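One structure is given below, encoded as structure tokens.
Every number here is computed from the coordinates shown, using simple stated rules; none is lab data. In this text, all values refer to a predicted model and were calculated from it rather than measured experimentally. Positions of Cβ are generated from backbone atoms using ideal geometry, with glycine treated the same way; all protein chains shown enter the neighbour counts.
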Amino acid sequence: MKTKVELRAILKEYLEKNEYEGLVNVDLECGCSLEDLMPCDAPCVNCEAGHKERQGINKEFDWIIVPGKKDKRKKIPGRYYPDYFNGLVPWDSESGK
């Protein structure tokens, strides 16, 4: 008897093991987190592993998925950090954003 192995389970295991937080397709402006992985039930060859970032320009959502791994470097007050939509953004030491 064959065991059915779902693509979703294989992909979720890989993403968790490699410290990703979801998938993103920037061409379609589509993203999903590990908590609700592939709700479309149609993974695309253009989907790529990504991480969550706070949404900077549109407060409709708390976060978005962007390509690549999260930058784990600590933000330094008075410095700039990369923002997916806005380029380099000054770090606000009071709010921590």
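Backbone amide hydrogens, once placed in the peptide plane, bring HIS51 within less than 5 Å of GLU21, VAL66, GLY68, excluding anything fewer than 5 places away on its chain.
The stretch between TYR14 and VAL26, if pulled fully straight at 0.36 nm per residue, gains 2.3 nm over its current Cα-Cα span.
Per-peptide packing, taken as the mean over residues of other Cβ atoms within 10 Å, places 62-69, 29-36 in the sequence 62-69, 29-36 from highest down. For the listed peptides 45-51, 19-25, a ranking on the average number of other beta carbons within 10 Å per residue, highest first, reads 19-25, 45-51.
The spread of Cα positions in segment 7-69, taken along each principal axis and listed from longest to shortest, comes to 33, 22, 17 Å. The slack in the chain from LEU37 to LYS69, taken as 0.36 nm per residue of separation less the alpha-carbon distance, amounts to 9.8 nm.
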